[in-house]
Amino acid sequence: NERWTDTATDKFYAALSQFGCDFMIISQLFPGRTRRQVKAKFVREERADPERVREALQGHAG
């Protein structure tokens, strides 16, 4: 289970603000990661940095 680099995490947040919680689409931006891994990343980030997650999702809402 490969660690998420800071760069990948930034890309994850950018994808979150673009696609919301569509983990299937987001996982396609990360070859080698499954939808389940991306969702697990979301759950981890939500615990670690709920503010950043909320801001990313607000970006998605428009």
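The values are calculated or read from the model by the stated rules, or taken from the named source; none is laboratory data. All values reported here derive from a predicted model rather than from experimental measurement. We place every Cβ from the backbone using ideal geometry, glycine too, and count neighbours over all the protein chains shown.
Worth a mention:
- Each residue in the range 44-62 was checked for being closer than 13 Å to Thr9 by Cα and of a type outside the set (D, E, K, R), and 3 of them qualify.
- Among the residues making up the range 6-37, a single one is aromatic (Phe, Trp, Tyr) and either exposed (fewer than 14 other Cβ atoms within 10 Å of the Cβ) or over 17 Å from Val53 (Cα atoms) (or both): Phe30.
- Qualifying positions in the range 1-52 - out of contact with any helix residue (DSSP H, G or I) (no Cβ under 7 Å at 6 or more places or on another chain) and of a type in the set (A, V, I, L, M): Ala8, Ala14, Ala40, Val43, Ala48
- Spans of helices (runs of 4 or more DSSP H) in the chain with at least 1 residues under 11 Å from the mean Cα position of the chain (by Cα) and touching a residue at least 24 places away in the same chain (Cβ under 8 Å): 6-19, 35-48, 50-61
- Meets criteria (in contact with a Phe, Trp or Tyr (Cβ under 8 Å, 6 or more places away or on another chain), at pLDDT 95 or above and either exposed (fewer than 15 other Cβ atoms within 10 Å of the Cβ) or among the aliphatic types (A, V, I, L, M) (or both)) for Val43: no
- Here Arg3 meets each of (1) of a type outside the set (Asp, Glu); (2) surrounded by 15 or more Cβ atoms within 10 Å (Cβ to Cβ); (3) over 16 Å from His60 (Cβ atoms) with one exception, condition (2).
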